[in-house]
Structures are given as structure tokens and as C-alpha cells.
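Heads up: the structure comes next, in C-alpha cells.
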Amino acid sequence: METERVVLVDESGRAIGTEDKATVHHAETPLHLAFSSYVFDARGRVLLTQRAFCKRTWPGVWTNSCCGHPLPGESLESAVRRRLADELGLVAATVELVLPEFRYRAEMPDGIVENELCPVFRVTAAGEPVANETEVATYEWVEWSEVALRTDLSPWCVLQLTELTTLGPRPLEWPVADSGRLPAAAQLGTSGQVDR
């Protein structure tokens, strides 16, 4: 089985190589490319997920619908669709960029660090998720107005909510962002072309 690799980036967002996903997160995690997505149903409810308890980073923590890393050469939209299918058995109807420049760094109590350029997407999907137990412990559909009231969310989700609320109170009406504002490594499906 081929090793899954993440795309390493420099401070300007250009791809500078790849690293094994299984070993990239540690006390000195290098800056790398990722994504976050928020899945909404036809009623405008958002899907929150609880990370599986076997996950290396933030096990058991509640967070946005789905996060992940694009493979080298994979577009972010394709990565969002792939991970939603893998983690939740969902087929995305729409995948739209809303926060192209989101970046964060967060440290767990045990010293493991997340350090990501992490564009954020709004996704619409129909049907109930089928959670992959190695990725998702459980899930719930929540009214958007209730999400900001929660105190049990991942650090990246809290930071994203601060920015998402500036887009307006109705997520299905948020403006779609200009993909030209994405990190260079994520533009035109060319993420991670450099492999050192």
C-alpha cells in the first residue's frame, strides 16, 4: 500500500516537498497544506463530527464536518470530496471555497502541533452520514446559530467560526471566495508538484 503524503509549504504558500502523513505531526510539525469543510443539509443545518478516539491529533474532540490533506497533485476540491466519502460516506453536491487564506497553529497538551495552511469550504450534501469509525466517533446535525455557543470544539474550528461569522448569519448565502487567493500550492490542482 502506498504511503499517503502531505504537501509541505513555505511561508508564502509554495509547495516545497512532501512528507509521510503518518509522521508529519509532532512537536515541530512543518507548515503544510490542508483543508476544512462544513457540510450543510437542505435545511441549513451544519454537520459537526466527533473525531475518533484513536486519532493521533485531538482524539474525541468535536469539530467541523471534515478536515484533511490534499495528496500531491490533487486539487483541494477533489480532496474535500475524497475525504467526505472516506470519513462519512457522503457525496458532495457542491464544494465552494469560503475562506481561502485561513491558517492556524495549535498545540495539544502532549506537545503535538498542527501547523496548516487550511482553506475552508462550504459543502452541501444530502442523506445521512455513515461514519468511518477510524475517523469519526459520532456526528450530529446542528443549527448554525447554535454552533458558536458550543465550548467543546477543536481549536481550528473556533478560529474558523470567528472568520465565518463575518460572512453573514446564513451559511448557504455566504459569498464564494476568489480561488486566486488560495496558497500557490493549492492553485489549479498543482499542490505538491515538488517532491524532495
Strands (runs of 3 or more DSSP E) within region 94-196 that include 1 or more residues crowded, with 18+ Cβ neighbours inside 10 Å and among the β-branched types (V, I, T): 120-125, 136-142
Matching residues in region 1-35 - criterion: being under 19 Å from I112 (Cβ atoms), touching an Asp or Glu at 6+ places or on another chain (Cβ under 9 Å) and polar (S, T, N, Q): T29
Enumeration of residues in region 152-196 that are of a type in the set (V, I, T) and modelled with pLDDT of 95 or more: V158, T162, T165, T166, V176
Conditions (1) free of Cβ contacts under 8 Å to residues at least 40 places away in the same chain; (2) in contact with a helix residue (DSSP H, G or I) (Cβ under 6 Å, 6 or more places away or on another chain); (3) not β-branched (V, I, T); number of the one not met by L99: (1)
Where S78 falls short, out of the listed (1) surrounded by fewer than 18 Cβ atoms within 10 Å (Cβ to Cβ); (2) in contact with a Pro (Cβ under 9 Å, 6 or more places away or on another chain); (3) within 28 Å of E143 (Cβ to Cβ): (3)
Residues of region 1-21 satisfying the condition of being polar (S, T, N, Q) and either at pLDDT below 95 or surrounded by 15 or more Cβ atoms within 10 Å (Cβ to Cβ) (or both): T3, T18
I112, sole failed condition from (1) of a type outside the set (S, T, N, Q); (2) over 27 Å from R14 (Cβ atoms); (3) in contact with a His (Cβ under 6 Å, 6 or more places away or on another chain): (2)
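Looking at E146, E101, E116, E96, which is the one that is at pLDDT 95 or above, more than 18 Å from the chain's Cα centre (by Cα) and not basic (K, R)?
Numbers: E101 fails: more than 18 Å from the chain's Cα centre (by Cα); E116 fails: more than 18 Å from the chain's Cα centre (by Cα); E96 fails: more than 18 Å from the chain's Cα centre (by Cα).
Within the list E146, E101, E116, E96, the selection yields E146.
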Pair list, Cβ < 8 Å and 6+ apart or interchain, from region 60-88 residues that are touching a residue at least 60 places away in the same chain (Cβ under 8 Å) to residues that are of a type in the set (S, T, N, Q) and assigned to a helix (DSSP H, G or I): N64/Q160; P70/S78
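Can you list the strands (runs of 3 or more DSSP E) found entirely within region 1-88 that contain at least 3 residues being over 16 Å from the mean Cα position of the chain (by Cα), under 18 Å from L99 (Cβ atoms) and of a type outside the set (A, V, I, L, M)?
On the way: elements: 5-9, 15-20, 35-40, 46-51, 66-68.
Counting at least 3 such residues, we get no strands (runs of 3 or more DSSP E) at all.
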In region 81-93, the residues that are among the β-branched types (V, I, T) and surrounded by 15 or more Cβ atoms within 10 Å (Cβ to Cβ): none
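The values are calculated or read from the model by the stated rules, or taken from the named source; none is laboratory data. This is a predicted model, so every value here is computed, not measured. Reconstructed Cβ throughout: ideal geometry from the backbone, glycine too, with neighbour counts over all protein chains shown.
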